[in-house]
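The values are calculated or read from the model by the stated rules, or taken from the named source; none is laboratory data. Everything quoted here is computed from the prediction, not taken from an experiment. Glycine gets a Cβ as well: all are built from the backbone with ideal geometry, and neighbour counts include every protein chain shown.
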Amino acid sequence: MFGWWVQRRRRRLLAEPFPEEWRQAIEREVSLWHAVPAPARGKLEDDLRCFVAERSWEPCGGLELTAPRRAIIAAQACILTLGRTVDAFDHVRSIVVYPHAFWAPDVWEDEAGVVTEELTESEGEAWQWGTVVLSWQEVLRDSRSPNGRNLVLHELAHQLDLLDVLEQAYPGGGDEQDLHRRWIETFLAAFDDFTERVDSGRRVKAIDAYGAEDEAEFFAVATESFFERGAYLKSHHPGLYEVLAAYYAQDPASWTWPRSRAPVAGETGRERRRRRRAEERRRRKGKPPA
């Protein structure tokens, strides 16, 4: 979404004062907002206003999708692009928001090549054609507690897709291409080590086990941990942290976190999906449920 008319519209938009109602909602509900370095908050305010204005917002299931609620979602999304440009989300056309978790078709393939199709409860999805679907209940639950699990960061990270970006970058070769190739190698090595640990039942630290589903989910959950538990991720996965820090051009491990609310207990939709899939694999192998 480039062109003189977009820039003109943005200049007019940003000439207006930042809505105080939005700021109050963000400060109240988004814990990440308080960790972002103060010098970067002005850019974050500008970016989130552009993000809100340039997307189609679609409430479902009777949800009232007020302007402050859109701002709460946008504030978290635009943290991903603080080190870059909000134009990285140019292809994201619509944000669909349900009040609670919703049912959606799911297709997955196990190690034996058996494909399962089922309806599953979901809190969020990112579609290839630029639509992001979110559960408002889960958005609030995650935004209030920086515990390494954040639905907005997760789904919007899918829309950035590190591997696609890196593989398409610098086709002409040279030092930049070599650097990006090393990023990819480091990322894939971290993914292989992670999935091996998860599949063998060993404990993993700093990254949600759901990341073992595939490379895209690994990137998404690593992104959640990068921004919400940067120092912890860096201590346990320094190579992966370095790749993400270079890609996002940010260093959350250095951020200062205020005291936050206690995380909400309970199993999330993606945890339930992973558990059901693990149980289905065990059943196919003739093993008792875990």
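Name the residue that is modelled with the lowest pLDDT, counting only residues in segment 115-127 that are more than 24 Å from R149 (Cβ to Cβ) and surrounded by fewer than 12 Cβ atoms within 10 Å (Cβ to Cβ). I'd like the intermediate steps shown before the answer.
Let us first name the residues in segment 115-127 that are more than 24 Å from R149 (Cβ to Cβ), namely 115-117.
Still in the running and surrounded by fewer than 12 Cβ atoms within 10 Å (Cβ to Cβ): 115, 117.
Values: V115: 61, E117: 65.
Filtering first and then ranking leaves V115.
Does A112 meet the test of being on the phi < 0 side of the Ramachandran plot and either outside any helix (DSSP H, G or I) or at pLDDT below 95 (or both)?
Working: on the phi < 0 side of the Ramachandran plot: yes; either outside any helix (DSSP H, G or I) or at pLDDT below 95 (or both): yes.
It is true that A112 is on the phi < 0 side of the Ramachandran plot and either outside any helix (DSSP H, G or I) or at pLDDT below 95 (or both).
Hey, could you check segment 29-39 for residues that are touching a helix residue (DSSP H, G or I) at 6+ places or on another chain (Cβ under 9 Å) and surrounded by fewer than 18 Cβ atoms within 10 Å (Cβ to Cβ) and say which is farthest from P68 (Cα to Cα)?
Of the residues in segment 29-39, the ones touching a helix residue (DSSP H, G or I) at 6+ places or on another chain (Cβ under 9 Å) are 29-37.
Now restrict to residues that are surrounded by fewer than 18 Cβ atoms within 10 Å (Cβ to Cβ): 34, 37.
Values: H34: 17, P37: 22 Å.
Only one residue tops the list, namely P37.
Select from segment 153-195 the residues that are modelled with pLDDT under 80 and of a type in the set (A, V, I, L, M, F, W, C) and list them in ascending order. Before the answer, list the steps.
Just the residues of segment 153-195 that are modelled with pLDDT under 80, to begin with: 161-180.
Passing the criteria: L162, L163, V165, L166, A169, L179.
Only one of (1) surrounded by fewer than 21 Cβ atoms within 10 Å (Cβ to Cβ); (2) touching a strand residue (DSSP E or B) at 6+ places or on another chain (Cβ under 8 Å); (3) not hydroxyl-bearing (S, T, Y) fails for R70. Which number is that?
(1)
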